[in-house]
Amino acid sequence: MTSSGTTSGDGGPAWELLLPAAGAPARRRGRALQAALRDAVRSGRLAAGTRLPSSRALATDLGVSRGLVTEAYEQLTAEGYLRSDRGSGTWVGEAARAGLPSAPGPAPRTSGARVSFRPGRPDLALFPRSAWIAAYRTVLGDMPHRALGYPDPRGLPALRTALAALLTRRRGVVADPDCLVVCSGVTQATTLLGLVAHGHGERSIGVEDPGSPVHGPVFMASGLRMTALPLDDEGLAMEPLRRSGVTTVMVTPAHQFPTGIAYSARRRVELLDWARSVDGLVVEDDYDGDFRYDRAPVGALQGLDPDRVAYTGSLSKSLAPGLRMGWLLVPPRLLDEVAERKRTIDLGEPSLDQSVLARFVERGDYDRHLRRCQRAYRERRDALVDALAEHFPGTEVSGISAGLHVIARLPERYGPEDRFLARAAHAGVSVRPLAAHEMTPVHHPCVRLVLGYAHLTPTEITRGVALLAQAAAED
């Protein structure tokens, strides 16, 4: 700066850093000048201890008003970037430090696979955009201003009422709208229950083995240890559960993930008898419970004893995971604690999104969408079973005819599993072994795969299985 001899870190006059800001449109010039000064201090081009020219001198150099510079100096002094000593001018302060160079962000998570059979993914192309947009426009036009304030942390009454009626009708639950909490999905629902359980002094929770890889870390973040509990042909094995000492257990009884079995009627009764005997709680994750292709879906366990079962589900498999919307039906004794935890976590779900979903459900659009998905997913499951029979003769497909995935147990000649997986990856086919869901690894001589199909067209499914067979046949 000509009046003080101050130069920037690269040897040029420091005021050159501010010239672009001085050339900004008049209405934005003041903020632009402040931003340029901040950046110069943060980057070190105006080093700590540098004396700045007077406001009059800098204004003359930049061709701006003195008031603009004075305001910029005062603002940055208040923020700590500059310091002003009466009678001795304005200086660059010591507080600001140049940030570390930002590391490159993680690469987008793309598998690069030609075909991916990874489970748990619905077909997002089926999302009912037109109906959703219509509901959104209607709700936004009709919503009173007050409805845009903070909602009840349990959820909007209209949505809780609509969901309670839907779940009663479709899943056979006992659904009091007052005991229903709208949350951002099953993950948040389990977080809420984990925090409440920890507050009651519990330190361990039982989980299915094999089971979802998501549940364990969520409960661990709530301060609970996982106790892996094995399954048998009817569901969760009761003797290991009784010996475990846990009083809370999480299960997927309608369509166990990942094995695909449905809990037997006898096992459901035994599980509830256990919960009553230990004054415990069963957390029911109704994983893809809406999709059953050979008969009506088995009703939810919660309907048998709503005082001992907390029921949770979401839109992740039925509509889209990106909506981040789900529900939790809790026993009345836990309602206040769960609602308070929900309030302190996020103050409730967005009011507008809740209102749109309520209208979507009330008008029957959700039921229509589920029927459309039901037809598409049944066709895709049939295509996968047929392709496996053609290209991998002798393959055993287990689990009920439901959901978004199957378990395929290939004949032993296709093993060992690690070699098969390596060949599949080399061929550009992404698959997940059942072993990835087992907390207690057990050696199996054959290849066991969890194959998701809902996001693939029948043509893609057939091509993917053919590619797998071609890779398996290579020497």
Among Val173, Val139, which is the only one that is within 30 Å of Arg225 (Cβ to Cβ) and either surrounded by 23 or more Cβ atoms within 10 Å (Cβ to Cβ) or at pLDDT 95 or above (or both)? Val173
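In a loop (DSSP other than H, G, I, E, B) and more than 29 Å from Ala135 (Cβ to Cβ): is that true of Asp294 in this structure?
On the way: in a loop (DSSP other than H, G, I, E, B): yes; more than 29 Å from Ala135 (Cβ to Cβ): yes.
Against the criterion (in a loop (DSSP other than H, G, I, E, B) and more than 29 Å from Ala135 (Cβ to Cβ)), Asp294 qualifies.
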Considering the stretch 211-231 alone, what residues qualify as being over 24 Å from Ala435 (Cβ atoms), surrounded by fewer than 20 Cβ atoms within 10 Å (Cβ to Cβ) and aliphatic (A, V, I, L, M)? Ala221
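Identify, from the list Ala47, Ala36, Ala40, the residue that is out of contact with any helix residue (DSSP H, G or I) (no Cβ under 8 Å at 6 or more places or on another chain) and closer than 18 Å to Thr77 by Cβ.
Numbers: Ala36 fails: out of contact with any helix residue (DSSP H, G or I) (no Cβ under 8 Å at 6 or more places or on another chain); Ala40 fails: out of contact with any helix residue (DSSP H, G or I) (no Cβ under 8 Å at 6 or more places or on another chain).
Ala47 is the lone residue from the list that is out of contact with any helix residue (DSSP H, G or I) (no Cβ under 8 Å at 6 or more places or on another chain) and closer than 18 Å to Thr77 by Cβ.
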Tell me, please, whether a residue that is touching a residue at least 40 places away in the same chain (Cβ under 8 Å), in a helix (DSSP H, G or I) and in contact with a Lys or Arg (Cβ under 6 Å, 6 or more places away or on another chain) can be found in the stretch 336-346. yes
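Thr462 - would you say it is of a type in the set (S, T, N, Q), open to solvent by 10 Å² or more (accessible area, probe 1.4 Å) and either more than 20 Å from Ala389 (Cβ to Cβ) or in a strand (DSSP E or B) (or both)? Write out each step before concluding.
Values: of a type in the set (S, T, N, Q): yes; open to solvent by 10 Å² or more (accessible area, probe 1.4 Å): yes; either more than 20 Å from Ala389 (Cβ to Cβ) or in a strand (DSSP E or B) (or both): no.
Taking the combined requirement at face value, the residue does not satisfy it.
In the stretch 157-168, which residues are farther than 14 Å from Asp286 by Cβ and open to solvent by 30 Å² or more (accessible area, probe 1.4 Å)?
Hits for the stretch 157-168 are Pro157, Ala158, Thr161, Ala165.
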Of all residues in the stretch 444-459, how many are in a strand (DSSP E or B) and farther than 25 Å from Phe127 by Cα? 2
Matching residues in the stretch 39-58 - criterion: being within 52 Å of the chain's Cα centre (by Cα), in a helix (DSSP H, G or I) and surrounded by fewer than 18 Cβ atoms within 10 Å (Cβ to Cβ): Asp39, Arg42, Ser43
Picking from Leu304, Leu319, the residue that is at negative phi and open to solvent by 40 Å² or more (accessible area, probe 1.4 Å) would be Leu304
Give the residues of the stretch 387-443 that are in a loop (DSSP other than H, G, I, E, B), over 23 Å from Ala262 (Cα atoms) and open to solvent by 40 Å² or more (accessible area, probe 1.4 Å), sorted by residue number. Pro393, Gly394, Pro416, His443
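Every residue, every condition in (1) acidic (Asp, Glu); (2) open to solvent by 10 Å² or more (accessible area, probe 1.4 Å); (3) out of contact with any Lys or Arg (no Cβ under 9 Å at 6 or more places or on another chain), yes or no:
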site	(1), (2), (3)
Asp233	yes, yes, yes
Thr252	no, no, yes
Asp286	yes, yes, no
Phe291	no, no, no
Thr312	no, no, yes
Are any residues in the stretch 297-311 in a loop (DSSP other than H, G, I, E, B) and either among the acidic types (Asp, Glu) or in contact with a helix residue (DSSP H, G or I) (Cβ under 7 Å, 6 or more places away or on another chain) (or both), and if so, which ones? Gly299, Ala300, Asp305, Asp307, Arg308
Just to be sure I understand the filter: pairs with C-beta atoms under 6 Å, separated by 6 or more residues or on different chains, first member in the stretch 363-376 and farther than 11 Å from Pro128 by Cβ, second member part of a helix (DSSP H, G or I) and modelled with pLDDT of 95 or more. Which pairs pass? none
Residues of the stretch 69-86 being surrounded by fewer than 17 Cβ atoms within 10 Å (Cβ to Cβ) and either within 41 Å of the chain's Cα centre (by Cα) or touching a residue at least 60 places away in the same chain (Cβ under 8 Å) (or both), which ones? Ala78, Glu79, Gly80
Just a yes or no: is a residue in the stretch 200-212 in contact with a helix residue (DSSP H, G or I) (Cβ under 8 Å, 6 or more places away or on another chain) and farther than 30 Å from Glu234 by Cα? no
Only residues that are open to solvent by 80 Å² or more (accessible area, probe 1.4 Å), acidic (Asp, Glu) and within 22 Å of the chain's Cα centre (by Cα): list them for the stretch 328-349, please. Glu340
Glu202 meets each of (1) open to solvent by less than 10 Å² (accessible area, probe 1.4 Å); (2) in contact with a Ser or Thr (Cβ under 7 Å, 6 or more places away or on another chain); (3) in a loop (DSSP other than H, G, I, E, B) with one exception, condition (1)
The correct count of residues that are out of contact with any strand residue (DSSP E or B) (no Cβ under 6 Å at 6 or more places or on another chain) and aliphatic (A, V, I, L, M) in the stretch 389-403 is 2
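Among the residues of the stretch 203-225, are any over 25 Å from the mean Cα position of the chain (by Cα) and farther than 30 Å from Leu357 by Cα? Walk me through it before giving the result.
The first filter runs over the stretch 203-225 and keeps only residues over 25 Å from the mean Cα position of the chain (by Cα), leaving none.
Scanning the stretch 203-225 turns up no residue that is over 25 Å from the mean Cα position of the chain (by Cα) and farther than 30 Å from Leu357 by Cα.
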Return the pairs, sorted by first residue and then second, in which the second residue is surrounded by fewer than 18 Cβ atoms within 10 Å (Cβ to Cβ) and not acidic (Asp, Glu), the first residue lies in the stretch 164-175 and is closer than 15 Å to Ala254 by Cβ, the beta carbons are less than 6 Å apart, and the residues are 6+ apart or on different chains. Gly172/Gly299; Gly172/Gly303; Val173/Gly303
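With Tyr377, Tyr414 as the choices, which residue is over 26 Å from the mean Cα position of the chain (by Cα) and of a type in the set (Phe, Trp, Tyr)?
Numbers: Tyr377 fails: over 26 Å from the mean Cα position of the chain (by Cα).
Of the residues listed, the single one that is over 26 Å from the mean Cα position of the chain (by Cα) and of a type in the set (Phe, Trp, Tyr) is Tyr414.
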Check Asp61 against each of (1) crowded, with 16+ Cβ neighbours inside 10 Å; (2) at pLDDT 90 or above; (3) within 16 Å of Ala21 (Cβ to Cβ) and name the one condition it does not meet. (2)
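The values are calculated or read from the model by the stated rules, or taken from the named source; none is laboratory data. Quick caveat: nothing in here was measured; it's all calculated off a predicted structure. With ideal geometry, Cβ positions are generated from the backbone for all residues, glycine too; neighbour counts draw on all protein chains shown. Side chains included, ligands, DNA and RNA excluded: accessible areas come from the protein's heavy atoms. Shrake-Rupley method; radii C 1.70, N 1.55, O 1.52, S 1.80 Å.
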